[in-house]
Amino acid sequence: MKNVRSDCRYFAGDKPCRFHKISGVKCGSCQQYAVADKKVLIIKLGAPGDVLRTTPVLMELKWQNPAVHITWITEKRSLPLLEHNPYIDRLWEYSAEVIARLYIEEFDLVLSLDNSGDCASFASLAKSREKLGYGLNEKGVIFPFNKEAEAWLEMAVFDDIKKANRRTYQDHIFSICRLKFDPYLHEIVLNLKDDEKIFGRKFALTYGIEESDLVVGMNIGSGGRWPMKRWKDEGFIELIERLSKEEKVKVVLLGGPEEVERAEKIKNDLDTKGINIIDGGCNNTLRNFIALVDVCDVVVTGDTLAMHIAAGMKKYVVAFFGPTSAAEIELYGRGIKLMPEKECICCYRQRCEIRPYCVESITVDKFLIAVKECLNRYDLTIETPEKHHALM
């Protein structure tokens, strides 16, 4: 095949490269021809929010070596979060086909960033000169490939170490990869396509959101796994009612498929008070949900995927915590963390008998002060009753 440069980093084999698609150029005359200097495989499955907040690693890898070729393996549910990421050369869905490829293809470096059996087994299968993170031995036991990966594994095994931790997730992940994390440089990578931006603009137009408005997104979701992350309905209702008195503020209700009934209840209760709220809907695609978050200036959310999306879209975030670690969360200097004054926080329990449980005990006043402090970054006419915290 004299006319095909199969060593090019953009060669796929089963379809034309994007440059041929755009202009019809062929290998012999293509100015984009480039050979990968180093092949890196990233294996990160787990929760979608964790996948998203791992993306800053990509920036550093590319900055250190622009010719590096990066393949990322993740689960189907997280694929939309990595779409259109300019630092990823190949995005693979976790599948039997990928397992077959790992028996054949070789990499220069494997970054296995989940201390779970599925991710670790993939890493142990992969052919590479160097592996960092976690593998699975012949007895089915997860082990760290390198010393830097030991701290995160210990945190997963011992609750007291997890609770005492003060380093962010990103700092831990960069350390595992033998990189140095800098929040001023290494942000979450999340990009919208033009049609997704148009979706957001149409939504704003439909609901009369103007450029001069200050938009607060209220994310009521917590996910089925963590019911104790959920703030009380009456809290959201009162907060929205009090924010609605601000002339320039508009509130958008955000949630997922699990929040349909809850969203209806909140909307109906507000309606009886004569308060209009903009309904973002609970059945959006993940990419359209990201576009809705992009419409907002400030997002109020628990420790959920929406929080990481808001951080990735560079929004101000008011994030509330209870059963999970606030210290692990990086808000890139654009957020306020709210935590109850309880010794039992960061317990990582999915059920609790204490009432009110941790998140429920955070007052509406604390939320209002934090939201207004964030809004004040956009408009100095928004009065903050008192400073709650410095932005983190």
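List pairs: first residue in the range 49-62 and closer than 16 Å to residue 36 by Cα, second residue outside any loop (DSSP other than H, G, I, E, B) and not hydroxyl-bearing (Ser, Thr, Tyr) anywhere in the structure, Cβ distance under 7 angstrom, at least six positions apart or on different chains.
Qualifying pairs under 7 Å: 58/70; 61/40; 61/68; 61/70; 62/68.
If you scan the range 95-117, which residues turn out to be assigned to a loop (DSSP other than H, G, I, E, B) and buried (at least 19 other Cβ atoms within 10 Å of the Cβ)?
113, 114, 115 - these are the residues of the range 95-117 that are assigned to a loop (DSSP other than H, G, I, E, B) and buried (at least 19 other Cβ atoms within 10 Å of the Cβ).
Can you name the number of the only condition in (1) of a type outside the set (D, E, K, R); (2) closer than 22 Å to residue 289 by Cβ; (3) surrounded by fewer than 19 Cβ atoms within 10 Å (Cβ to Cβ) that residue 157 fails?
(2)
Considering only residues that are in a helix (DSSP H, G or I), buried (at least 20 other Cβ atoms within 10 Å of the Cβ) and touching a residue at least 60 places away in the same chain (Cβ under 8 Å), which ones fall in the range 118-143?
119, 122, 123
Could you list, in sequence order, all residues of the range 144-173 that are part of a helix (DSSP H, G or I) and of a type in the set (S, T, N, Q)?
170
Can you name the residue in the range 63-80 that is touching a residue at least 40 places away in the same chain (Cβ under 8 Å) and crowded, with 17+ Cβ neighbours inside 10 Å and, of all such residues, is farthest from residue 113 (Cα to Cα)?
It comes out as 69.
Could you check how many residues of the range 34-56 are surrounded by 17 or more Cβ atoms within 10 Å (Cβ to Cβ) and touching a strand residue (DSSP E or B) at 6+ places or on another chain (Cβ under 7 Å)?
9
When you check residue 298 against the structure, is it at pLDDT 95 or above and closer than 22 Å to residue 255 by Cβ, yes or no?
So residue 298 passes the test.
Pull up the range 174-219, narrow it to residues that are assigned to a helix (DSSP H, G or I) and of a type in the set (A, V, I, L, M), then point me to the one that is farthest from residue 86 (Cα to Cα).
Within the range 174-219, the match that is farthest from residue 86 (Cα to Cα) is 205.
Filter the range 3-29 for residues that are in contact (Cβ under 8 Å) with a residue 12 or more places away in the chain and more than 33 Å from the chain's Cα centre (by Cα); which is nearest to residue 71 (Cα to Cα)?
7
When you look at residue 336, is it over 14 Å from the mean Cα position of the chain (by Cα) and modelled with pLDDT under 95, yes or no?
no
The values are calculated or read from the model by the stated rules, or taken from the named source; none is laboratory data. These numbers were taken from a predicted model, which means no experiment stands behind them. Please note: Cβ atoms are built from the backbone with ideal geometry, for glycine as well, and neighbour counts cover all protein chains shown.
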